[in-house]
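Got a structure for you, written out below as structure tokens; questions coming shortly.
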Amino acid sequence: MHGRPRKATKQEDPAAAAAKSARLRVLQSQLLHFHHNRIYTKEAVSVSSKLLDINPEIYTGWNYRKLAFQHNLKEVSDTDTDTETIKSAIEDELRMVEVALRRNPKSYGAWYHRKWILGQKLVLANFDHEFRLLDMLLKADARNFHGWNYRRFIARLKDVSEEEELKFTMDMINTNFSNYSAWHNRSMLLSKLLRKKVKGFHEEESILSDEFELVRQALFTDPSDQSGWFYHLWLLDQTSTPHKPHLVSSWPSDKLNIEISAQFKEKCERFPIIFCFNQQVDGVNLATVTVNSKLVSSEHITWKPLSANNSRKSKIWVAFLQNFNKYCDNSEGLSVEISLHCCESIVHLKFLMKLSHMDHQGKNGDGFEELFLWDCPKSQEINPYLVSYDPWRLRVESVEEDAKWHLDTLSAEIALFKEMSECDEDSKFVKLTLARLLGAHNSIKSGGSSYFEEILKLYDDLIKLDAPHFSYYRDERSLVLLDQMTSSKDSLVEYCSRCENTSFSCINPQLCINFSGLNLTRIGFVERLLWVQILDLSHNNLTSILGLEALQLLVCLNLSHNQIMSFTALEPIKSLQSLKVLDLSFNEIGSHPVDTTRYLCSSPLSHTCNVTETMEELARENIKIGDFWEAILLFESLQLAQLDMQGNPVTNERFRVLVEKVIPCLKWLDGKPVR
Amino acid sequence: MAEIPTSDYPTIDPTSFDLIVSSTGLSASLLAAAASVAGKSVLHLDSNPFYGSHFSSLPLPSFLSYISSPSSPPNLYSDVEASSQSLPEPSRSYLVDLVGPRLLYCSDETVDLLLRSGASHHVEFKSVDSSLVYWDGKLCSVPDSRQAIFKDKSLGLTEKSQMMKFFKLVQSHISLTRSGTTTESGEEGGVMIPEEDLEMPFVEFLKKQRLPPKIRALVLYAIAMADYEQDNGDSCKIVVSTREGIETISLYTSSIGRFANAVGAFIYPMYGHGELPQAFCRCAAVKGALYVLRMPVIDILTDKESNKYIGVRLASGQEIFSSKLVLDPSYQIPASLSPRETVVSSNLSSYVAKGVCITDRSLEPNSANILLVFPPKSLHQEQSTAVRALQISGNVAVCPSGFFIVHLSTPCEDAALGKEYINSAMKALFNSRELPAESVQAQTKEEGESVEAPTQEEGETKPTLLWSCAFVQELREASYDGAVSICPMPDANLDFRNILSTTRKLFQNMYPGEEFIPQNSAADNIDDDADEGSPE
């Protein structure tokens, strides 16, 4: 059934085909007639039987039958409650489904109809018959996912224990291990059994060890068969990710002393507090977070999830302290204590804000009188202590103490697949799995012998080896590289430089993180970069900047010389309220006439737009708003002082006019002062 | 007519035939069937009261007297040594194959021939449940398919991947060969084994594929069924070439799954292999061959002048004439007529040592019919041939249910050595209730050592040997000279492929230009259904 090209349906002779289609047309119009006029007589229903026998894919036919079934049943129950009649009606429907399945065992409509009929629970289903049917079906095609779906449905209906179904998956795997459906069902059942801690499934670690042993047999027997690798991936996931959500990092970090520039403190009106979790959480609110300081009481703080899809769950939660600058005048500074009661644990943070007088000399005004140049000297040695922010400590603490089994298991798997990669040098699955295993090991055990170089080499190999999945490997490689660069203070300092040429943020010191020219294609590990105010991502291959929304302190962002194709791809920037300098030059914005990402993100209709005034102005300039809708929404939400857009297909004189109108506070556009 | 000694013998009429076949062995029966199908008039005789000759399956007492009978003239069977004179009862319900241990590949030519000739209507088959190999003093299953490799518990992970890789190479070679691609690498990743590799010894090829010793042994002896130690290089009697090895594997793999109701590659006929010659005899009978059992040929008649064959004199005294004659290998022919052409110029061993055991338990739980191979050196350091064993059970109706017959064999030069291997194989498999008379002495001599046998717990799991017997059979090739052909003795192989090709050659020699049981020769009496020959 699988791995074989689908044969063209048998060439019917034209006369027979024509006769068949004529018959279909007649039956179809008859069916529609009955359907519209709600005629559910025996004769009418038999028309739908004939039609579905020829073509089980006609959904209307199934829907009509459902209505007919309900209608006729109601009539029965109105007169008398004859279970025999109900039974025979049900049997008629089930037989119809079997006829249809014989024609096409993968007919969605037919399977759904069967589920619907039995789901009514009008009479006790004949489970023996259902399981026999399933056996027959899975014998013909052991991987038919419709069959597996239906089996799950029937098992639930009959209340078959998960252990029993687990045994069934084992039988199927023993018959032929190249069976995605069986492996998949196994992972589902095991998840349930482990979660419920059913008898015999208390020891999660020993169960998973056994599963590793099982899937190894499949992987080593036939490394080119994908089904086992998928199951291995699931196992790896069980082994590497902690089940419970927990806090990964926060801004500010615990015990941080924040220096507020005395000179610019007037401008600092909003101070962000950011929580990063390892997975999406909800319930970060006044009830779960208490803020203690003489500055503000908790109730003035609103916690918001930062997410692209407006959901109430997010990995990143943010809140702002308003007008805090008034309070940190005195010499002790302002001390803030935060307690977060979330995810069955309590996290305490305490930080201090102080005025700093070690300020940039001779800078006046608001810092945007001069053009900001991205030329922070890279060579300059940076003292690690300057990076006072410390998300890493939290990470080490969060590593569960009982991670020994996880590390042992991962190490054993790593050793095994290294051996395998030696005899099978060109297997992409081996390389990919090895890379994932090493990555998982890294994520549990930081520091020490990290495998970054090895993983990067594996992805480099994969990029060459497996061209069709080139983009995926590049994305993964980007994440590993970002992980490596941000893995410790010492490694991050390598990419830091001190920014001397301007000053427009109130938080000292002002360091520029330079991640340019690294072939990055996506952003990750933002939780370690929450403190960053100046970020250079130029000369990479970024097409998306998802994740950057977490960097609430960001003031300057350089995205020049990347491959950003649309304004929609810049959506994360919208939440960066402190952003002042944005370099988007030499991207591909506007290269594609249709912005295909648009419909994945929130609909433009959902925006409430208050730019009517600007729009009128634009209309006067003869600029069609519809053409630049995304650009308007983006820039309108920001208070940029400096923007570079040159080298993008979208950029022309009219666009420049538009930008100047939409961003009234803009001072520099494409390196030139705005009138 | 006055000289007819007894009136027990029937008179045969007519007295002239195209062909007289005096033996109902497999080869002889095939020749009778093929000649009948080709429209020849055939008289088919056997001196025995039963069908099958040296290919028969006999009740235990008859079997024992058949192989020990001093009357079977030129010591075809020798060195018969039974564990006890008292046979397990009911002794007549044990049916012993003279050709054992033997099996049919689901895809081999014998099965095709059975289907083609309609003989399949007279035989039913059961499949062999598992294939084992004796390695490191233990029985392990032979991982002969992807799924079997996956499930195997004795192979290491690397071994699994090496073995599977090798199978894939062979598979790709086979499928490319079948599809007729001649280029050395097919379009879509298909790889063919290069010509020079096909010529090299299979063992060298396996080494070239970097397969470890255990897997080499599995492939050579348990899948490619090599008889002789292949690692010996020049001193090896028959070196299996890569081409031959691949061919057997190809047959093996195409056999798996040929019949939906057969689990593995091999099948065994219900009531024993003796059913096969009978089935072909029936085909011949349907086509008009005349059958007379208990009718020995006592003399061969020759033309006085040319000294050429013209007919035979039967034990009844009747003289029957024919243009061709086929004789049993046991028949002693006058030197003047003795065929000079051997069909296969043979460098084979001249003997095969065999063993028959009756046991009370299966070698492996949950399996009834089991093929087992002892690779060379697995029993003795000097063991130079593979010993094959086949356990068959009540489900093929050869013994009472709950009991098992185990056939063993190994080719040998020297009868004593061959029997030694057979006996040590028995010892490795079973707990003997009664030791063979001869070895009792040997046992007592070594008492000091063998008493402290540390195999106590292992011993508990072994089946008990109720009765056993070892003997040696002479291997005789087929031969022909003009009108007279002599059939081969059963060979030392696991299957009938060799016997079949020999028979085909004999037939071509007898009737050049006639087709050997053509495709639809059975068309008039059956509707040819491909599944007919399948086991139930």
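Readers should treat all values here as calculations from the given coordinates under stated rules, not as data from a laboratory. As the structure is a computational prediction, the values presented were derived from the model and not from experiment. Here the Cβ positions follow ideal geometry from the backbone for every residue, glycine too, while neighbour counts run over all protein chains shown.
Roughly how crowded by other chains is peptide B:152-159, in terms of the mean Cβ count from those chains within 10 Å of each of its Cβ atoms?
Numbers: counts 2, 1, 0, 3, 1, 9, 7, 1.
For this peptide, the per-residue mean of nearby foreign Cβ atoms is 3.
Here's another thing I want to ask about it. Just rank A:R654, A:R95, fewest to most, by other beta-carbon atoms within 10 angstrom.
The fewest-first ordering by Cβ neighbours comes to A:R95, A:R654.
List the residues, sorted by chain then number, that are 5 or more residues from A:L542 or on another chain and whose placed amide H is less than 5 Å from its amide H.
Here the answer is A:Q563, since their amide H atoms fall under 5 Å of that of A:L542.
Which entries in A:K304/A:K354; A:K106/B:K126; A:K197/A:K418; B:K207/B:K427; A:K158/A:K197 show an alpha-carbon gap greater than 24 Å?
Details: A:K304/A:K354 26 Å; A:K106/B:K126 35 Å; A:K197/A:K418 34 Å; B:K207/B:K427 32 Å; A:K158/A:K197 21 Å.
From A:K304/A:K354; A:K106/B:K126; A:K197/A:K418; B:K207/B:K427; A:K158/A:K197, over 24 Å: A:K304/A:K354; A:K106/B:K126; A:K197/A:K418; B:K207/B:K427.
List, in the order given, every pair from B:K160/B:K377; A:K313/A:K457; A:K350/A:K489 whose Cα-Cα distance in the structure shown is over 28 Å.
On the way: B:K160/B:K377 23 Å; A:K313/A:K457 36 Å; A:K350/A:K489 21 Å.
Check vs 28 Å cut-off fails for A:K313/A:K457.
Counting other C-beta atoms within 10 Å, which of A:R102, A:R114 has the fewest, and how do the rest follow?
A:R102, A:R114
Just counting partner chain Cβ atoms within 10 Å, what average do the residues of peptide A:218-226 show around their Cβ?
That works out to 6 on average.
Okay, next question. Please report A:W668, A:W317 as a ranked list, fewest other C-beta atoms within 10 angstrom at the top and most at the bottom.
Lowest count first: A:W668, A:W317.
Once you have the Cα-Cα distance between A:H202 and A:K304, take 0.36 nm times their residue separation minus that, and quote the gain in nm to one decimal.
Stretched fully, the A:H202-A:K304 segment lengthens by 32.9 nm.
Provide the packing ranking of A:620-631, A:169-180, i.e. peptides ordered by the mean count of other C-beta atoms within 10 Å per residue, highest first.
Descending mean neighbour count gives A:169-180, A:620-631.
Using DSSP to define loop residues, name the trypsin sites (Lys or Arg not before Pro) in region B:41-146 whose beta-carbon has at most 16 other beta-carbon atoms within 10 Å.
Answer by residue number: there is no such site.
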